[in-house]
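Right, one structure below, let's go through it.
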């Protein structure tokens, strides 16, 4: 069996795949012009910004914000935020927020429309929750993790804050599902898998 990569490695792998380079003619057709400088937010007071143009096309792919702490501004303890542009359109597709060098939250724009589609929440450097967002607002799915393992998935089809379906997971498989068939916030039935 091939080794499994943790799900949190996916954004990094996608970033490297995007930066690995497709044929230049294809990129020229797909890549919109870089955004005007006014679109990029100003650097907040007390922070320093390090910009990386990994492929040399004059469109940055990574923006990293550090607390301004004098000459030692690139240490992990000073890392505040990192934005990554996966599809080379000049807009961040992954925005990660840090505290003490550890990621606290990641906002992922998976369909490249400029709005987050998923928010991952971390505690002690480990992902504890992923929220899948509905276009225009509202959370439609929440995945809870215990360590690397998926523990529970709450599905809220109407994004009213009360899940209609809750899946309970153990060792990579669903073991039980609860259903709220009438959306009153009470479990109406369980089903075993």
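The values are calculated or read from the model by the stated rules, or taken from the named source; none is laboratory data. A quick note: this is a predicted structure, and the numbers were derived from the prediction, not measured. Counting neighbours? That spans all protein chains shown, and the Cβs are built from the backbone with ideal geometry, glycine included.
Tell me which residues, restricted to region 60-72, are at pLDDT below 85 and crowded, with 17+ Cβ neighbours inside 10 Å. Working first, answer last.
Taking region 60-72 as the starting set, the residues that turn out to be at pLDDT below 85 are 68-72.
Of everything in region 60-72, nothing turns out to be at pLDDT below 85 and crowded, with 17+ Cβ neighbours inside 10 Å.
Of all residues in region 77-86, which are modelled with pLDDT of 90 or more and not in a strand (DSSP E or B)?
Within region 77-86, 85, 86 qualify.
Mind checking whether some residue in region 128-138 is farther than 30 Å from residue 58 by Cβ, over 21 Å from the mean Cα position of the chain (by Cα) and not in a strand (DSSP E or B)? Break it down stepwise before answering.
Looking only at region 128-138, we keep the residues that are farther than 30 Å from residue 58 by Cβ, and these are 128-138.
Add one more test, that the residue is over 21 Å from the mean Cα position of the chain (by Cα), and what stays is none.
No, that holds for no residue.
Just give me the residues in region 96-115 being farther than 15 Å from residue 52 by Cβ and either surrounded by 17 or more Cβ atoms within 10 Å (Cβ to Cβ) or modelled with pLDDT of 95 or more (or both), in sequence order.
Hits for region 96-115 are 97, 98, 103, 104, 105, 106, 107, 108, 109.
Exactly one of (1) over 14 Å from the mean Cα position of the chain (by Cα); (2) at positive phi is unmet by residue 80. Its number?
So residue 80 meets the others, but not (2).
Of all residues in region 159-174, which are closer than 17 Å to residue 190 by Cβ and surrounded by 14 or more Cβ atoms within 10 Å (Cβ to Cβ)?
Residues satisfying the conditions are 163, 164, 165, 166, 167, 168, 169, 174.
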